[in-house]
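The values are calculated or read from the model by the stated rules, or taken from the named source; none is laboratory data. Since we're looking at a predicted model, the values are computed, not measured. Ideal geometry is used to build each Cβ from the backbone, glycine not excepted, and the neighbour counts take in all protein chains shown. The area values use the complete protein model at the heavy-atom level, side chains included, leaving out ligands, DNA and RNA. Shrake-Rupley method; radii C 1.70, N 1.55, O 1.52, S 1.80 Å.
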Amino acid sequence: MILPRHLDWGPHYEYDLADDADVLLMYERVIREAQTPEDLHSHLDADVLRSHRRALFLPGPARAAWESRFPELASSQAAAA
């Protein structure tokens with residue numbers, strides 16, 4: 001998968017969605033760089049996000065915003081800690 005330039009503005013990169021490392025990298029970039037809800041809806045899958053959320057490296061404010069919007073992510077994260 002190739003992300004639009006406004007989401008992935010670095011060197012050209014094609015994400016292999018069969019590779020967990022690429023999935024994490026792509027999700028981190030989309031979450032950090034999304035400009036509209038449509039960016040999120042177009043490039044993120046709820047089940048994939050739930051299954052990989054603990055491994056995502058996100059800035060504190062971004063993680064807090066996601067967990068406040070989706071409390072089930074915060075509660076399951078706290079239960080796993």
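Of the residues in the range 1-30, how many are assigned to a helix (DSSP H, G or I), within 13 Å of H52 (Cα to Cα) and among the hydrophobic types (A, V, I, L, M, F, W, C)? Write out each step before concluding.
So the first thing to find is which residues in the range 1-30 are assigned to a helix (DSSP H, G or I), and the list is 20-30.
In the following step, the residues that additionally are within 13 Å of H52 (Cα to Cα) were identified as 20-28.
Now drop any that are not among the hydrophobic types (A, V, I, L, M, F, W, C), which leaves 21, 23-26.
Of the residues in the range 1-30, 5 are assigned to a helix (DSSP H, G or I), within 13 Å of H52 (Cα to Cα) and among the hydrophobic types (A, V, I, L, M, F, W, C).
Taken over the range 21-35, the criterion of being surrounded by fewer than 17 Cβ atoms within 10 Å (Cβ to Cβ) and at pLDDT below 95 is satisfied by R32, E33, Q35.
For the residues A46, A78, A18, A55, the requirement of being open to solvent by 50 Å² or more (accessible area, probe 1.4 Å) and at pLDDT 95 or above singles out A18. For the range 1-35, the set of residues classified as farther than 17 Å from F70 by Cα and of a type in the set (S, T, Y) consists of Y13, Y15, listed by residue number.
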